1. Considering only Met9, Ala34, Pro24, whose Cα is most displaced toward the positive end of the charge dipole of segment 1-44, charges sitting on Cβ of Lys, Arg (+1) and Asp, Glu (-1)?
2. Leu170 to Ala129: extension gain in nm, 0.36 nm per residue of separation minus the Cα-Cα distance?
3. Less than 12 Å Cβ to Cβ from Leu123, Lys/Arg counted +1 and Asp/Glu -1: what total charge do the surrounding residues give?
4. Given the peptides 1-9, 58-66, arrange them by the average over their residues of other C-beta atoms within 10 Å, most packed first.
5. Hey, can you grab everything whose amide H is under 5 Å from the amide H of Asp75? Only 5+ residues off in sequence or another chain; H modelled, so Pro and N-termini drop out.
6. Relative to the compact globular guide of 2.2 N^0.38 Å, what is the alpha carbon radius of gyration of the chain, as a ratio?
7. Mind listing which GluC sites (Glu not before Pro) in segment 91-187 are in a DSSP loop and have 11 or fewer other Cβ atoms within 10 Å?
8. Can you give the Rg and Dmax of segment 65-134 based on its C-alpha atoms, in angstrom?
Amino acid sequence: MALLKIARMGHPVLRAPAKTVDDPTAPWVRRLVADMIETMEDAGGTGIAAPQVHAAHRIVVFRVGGERLSDLPGDVEQELTILVNPVIEPVGDQRALGWEGCLSVPGLRGVVPRHLRIRYRALGVDGSAIEREAAGFHARVVQHECDHLDGILYPQRMTDHRLLVFVEELQRHPIDLAAFLAGEEGI
Ligand code: NI
């Protein structure tokens with residue numbers, strides 16, 4: 001296993017659509033996934049997509065911890081999950097705003113609208129089919145990671161770029177999102 005270099009916003013690999021994986025059980029997929037997991041854990045990320053390590057293939061890995069879960073059905077902790085050739089389908093038309101960060105956009109956080117509920121399908125590295133319904137933070141993580149496979153970074157999904165901020169400033173000057181969006185934030 002090896003730590004891989006993480007591509008940062010501006011590198012063309014992050015703008016290009018990734019290629020479908022013909023055989024999810026191939027040895028190169030297993031090696032790439034092992035290195036992606038090691039790289040994600042070393043960097044303290046929630047998820048990582050193959051293009052972020054300069055490998056333009058439709059593979060993502062993520063893990064959903066308990067800290068940001070909502071009480072929506074489907075928003076539950078997820079053990080380390082590997083998705084090959086994932087496909088997302090929105091369930092309903094509700095959207096929610098929430099903070100996101102990205103290993104390819106270091107030091108920043110942004111508020112991004114995402115589908116509140118989704119269904120996703122993919123293959124595992126053993127070739128088995130994965131199908132899940134997700135909501136809330138779990139759904140947000142999957143949408144963020146799968147966007148990488150289509151060359152999309154979260155700032156492109158943002159609708160209010162006043163909410164693209166440095167993590168350090170956000171820690172010094174926390175934003176009450178509900179008050180901000182209502183236009184009531186004091187200065
Ligand atoms: Ni990302």
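No value in this document is a laboratory result; all are computed from the given coordinates. It should be emphasised that the depicted structure is a prediction, and the values quoted were computed from it without experimental measurement. Here the Cβ positions follow ideal geometry from the backbone for every residue, glycine too, while neighbour counts run over all protein chains shown.
1. Toward the positive end, the furthest listed residue is Met9.
2. Once the chain is fully extended between Leu170 and Ala129, it gains 10.8 nm.
3. Every neighbour counted, the sum reads -2.
4. Values: 1-9: 14.0, 58-66: 20.7.
Most protected by this proxy first, the peptides run 58-66, 1-9.
5. Ala135
6. Details: Rg = 16.5 Å, N = 187, 2.2 N^0.38 = 16.1 Å.
Normalised Rg, Cα atoms only: 1.03.
7. Numbers: sites: Glu100, Glu131, Glu133, Glu145, Glu168, Glu169, Glu184, Glu185; in loops: Glu184, Glu185.
In loop regions of segment 91-187 (DSSP not H, G, I, E or B), the sparsely surrounded GluC sites (Glu not before Pro) are Glu184.
8. 13.7, 37
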